[in-house]
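A.B. asks: Pasting a structure below so you can have a look.
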Amino acid sequence: MEKDSERAKNKPPAYGKMVTILSMDGGGVRGIIVGVILTRLESYLQELDGEGARLADYFDVMAGTSTGGLVTAMLTAPNELGRPLFTGKDIVPFYMEHAPKIFPQPQGWFNLLPKLPKLLSGPKYDGKYLHELLRKLLGDKRLHQTLTNVVIPTFDIKKLQPAIFSSYQILSDPALDAKLSDICIGTSAAPTFLPSHHFVNEDRNGKETEFDLIDGAITANNPTLVAMTAVSKQIVNNNPDMGKMKPLGFDRFLVISIGTGSSKQEEKYNSRKASGWGIISWLYDNGSTPILDCYSESSRDMVHYHSSVVFQALDSQDKYLRIDDDTLEGDASSLDISTKANLENLVKIGEKMLKNRVVHMNLETGKYEPVPDDITNEQQLERFAKMLSEERKLRRLRSETLKLDSN
């Protein structure tokens, strides 16, 4: 078993055969589903490589939006020993403890008060607990300190353009080397739910840059393609870490993309209802926020659609795994219902997703359909864990061989 000191730095793709990417969707409290799946993946890696194995040891890029961005930071920010602050199995307990305080549920007679006036007067939650929690957890740690490359999308509402915090970009754009706490607060600032986030970042050259951030889901609720593009840009720029990989060599990408579930109930919304909606109805309809649902679902599905086309065209479906569920109902499909019952149910949903058969997107209908082979998501995760372990061992072997040759 490797010692923790031997895991200090990942060897780059130039030493191996693949680029490895882990992507995590946004989804508020549904991030607990991601935690369930990551727990299983990390356990497979530990069976192969020892209890000290951590997810950050195996991925060249970890990407996350909103709640997925928070998980990304938790898994890649270093502790005092230079290892990840959190393990995969820490994620679910984190959500169980803190989600009810981030999204406090109304009690007693407050339940009877209409919710619409609150939505019209300001965000549903003040975000104070989340902000204090992230600053306490992440301290002054900055983007350049993560233990592997990360990509966290946000949207700058002042500039009306995406602000993507990428480890790869901080050399060319030092302004992006912000505190991880500020990045996480920004990517999770979902309109109507949490307040937007303004901060000023001073880079290593002393230059100050202002950011006015809202939810990363406005940019990419599913950040898979953002991560793939970040890698492709490095190949185009001849980054030596990428070796001889081609700019569009996606057949050498290994991608695990984890969704947080959604509701595809055909009667949740329809054109007959929406045709008469004004601003208020688009912001609030029977406990939901239709405009946000439409944006996030469209972003999420289009990314999976394009990813599916790419990997199918290259006959590389065996290196792309999307785990998701579009059959959530009731409270489970909410971003912010943090009751104990709902959180426990989300854990069960994550466990059920692991037992479900692997699904691919039907490129004609856009719906998830089981693959012909009778293989479950957890079986596929185990197979991916073996590929990740073999890739890491290959990189370390080639690195040691080159070091010996140079001596």
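The values are calculated or read from the model by the stated rules, or taken from the named source; none is laboratory data. Here the structure is a predicted model, which is why all the values come from computation and not from measurement. Please note: Cβ atoms are built from the backbone with ideal geometry, for glycine as well, and neighbour counts cover all protein chains shown. Protein only, heavy atoms only, side chains kept; ligands, DNA and RNA dropped before computing areas. Shrake-Rupley method; radii C 1.70, N 1.55, O 1.52, S 1.80 Å.
A.B. asks: Name the residue that is least open to solvent (accessible area, probe 1.4 Å), counting only residues in region 334-359 that are without any contact (Cβ under 8 Å) to a residue 60 or more places away in the chain and assigned to a loop (DSSP other than H, G, I, E, B).
C.D. replies: 358
A.B. asks: Sticking with this one: I'd like the full set of residues that are surrounded by 14 or more Cβ atoms within 10 Å (Cβ to Cβ), outside any helix (DSSP H, G or I) and small (Gly, Ala, Ser), limited to region 269-298.
C.D. replies: Answer for region 269-298, where residues must be surrounded by 14 or more Cβ atoms within 10 Å (Cβ to Cβ), outside any helix (DSSP H, G or I) and small (Gly, Ala, Ser): just 288.
A.B. asks: Here's a follow-up. Restricting attention to region 33-80, which residues are in a helix (DSSP H, G or I), open to solvent by less than 10 Å² (accessible area, probe 1.4 Å), in contact (Cβ under 8 Å) with a residue 40 or more places away in the chain and touching an Asp or Glu at 6+ places or on another chain (Cβ under 7 Å)?
C.D. replies: Passing the criteria: only 68.
A.B. asks: Within the bounds of region 187-208, is there any residue that is at pLDDT below 90, among the polar types (S, T, N, Q) and open to solvent by less than 10 Å² (accessible area, probe 1.4 Å)?
C.D. replies: no
A.B. asks: Let me ask something else about it. Restricting attention to region 220-268, report how many residues are under 23 Å from residue 304 (Cα atoms) and outside any loop (DSSP other than H, G, I, E, B).
C.D. replies: The total comes to 23.
A.B. asks: In region 305-322, is there at least one residue being touching a helix residue (DSSP H, G or I) at 6+ places or on another chain (Cβ under 7 Å), surrounded by 15 or more Cβ atoms within 10 Å (Cβ to Cβ) and in a loop (DSSP other than H, G, I, E, B)?
C.D. replies: Within region 305-322, one or more residues are touching a helix residue (DSSP H, G or I) at 6+ places or on another chain (Cβ under 7 Å), surrounded by 15 or more Cβ atoms within 10 Å (Cβ to Cβ) and in a loop (DSSP other than H, G, I, E, B).
A.B. asks: Looking at region 16-32, which of the residues that are part of a helix (DSSP H, G or I) and small (Gly, Ala, Ser) is surrounded by the most Cβ atoms within 10 Å (Cβ to Cβ)? Steps first, answer last, please.
C.D. replies: So in region 16-32, the residues part of a helix (DSSP H, G or I) come out as 28-32.
Now drop any that are not small (Gly, Ala, Ser), which leaves 28, 31.
Numbers: 28: 23, 31: 28.
That would be 31.
A.B. asks: From the list 15, 44, pick out the single residue that is farther than 23 Å from residue 182 by Cβ, of a type in the set (Phe, Trp, Tyr) and at pLDDT below 95.
C.D. replies: Of 15, 44, the one residue that is farther than 23 Å from residue 182 by Cβ, of a type in the set (Phe, Trp, Tyr) and at pLDDT below 95 is 15.
A.B. asks: A follow-up question, please. Find all pairs meeting these conditions: Cβ atoms under 8 angstrom apart; at least six residues apart or on different chains; first residue within region 167-192 and under 28 Å from residue 293 (Cβ atoms); second residue of a type in the set (A, V, I, L, M, F, W, C) and in a loop (DSSP other than H, G, I, E, B).
C.D. replies: Close Cβ pairs (under 8 Å, with a partner that is of a type in the set (A, V, I, L, M, F, W, C) and in a loop (DSSP other than H, G, I, E, B)) amount to 188/194; 190/335.
A.B. asks: Here are some residues: 388, 397. Which one is assigned to a helix (DSSP H, G or I) and touching a strand residue (DSSP E or B) at 6+ places or on another chain (Cβ under 8 Å)? Steps first, answer last, please.
C.D. replies: On the way: 397 fails: touching a strand residue (DSSP E or B) at 6+ places or on another chain (Cβ under 8 Å).
Checking each option against the conditions leaves just 388.
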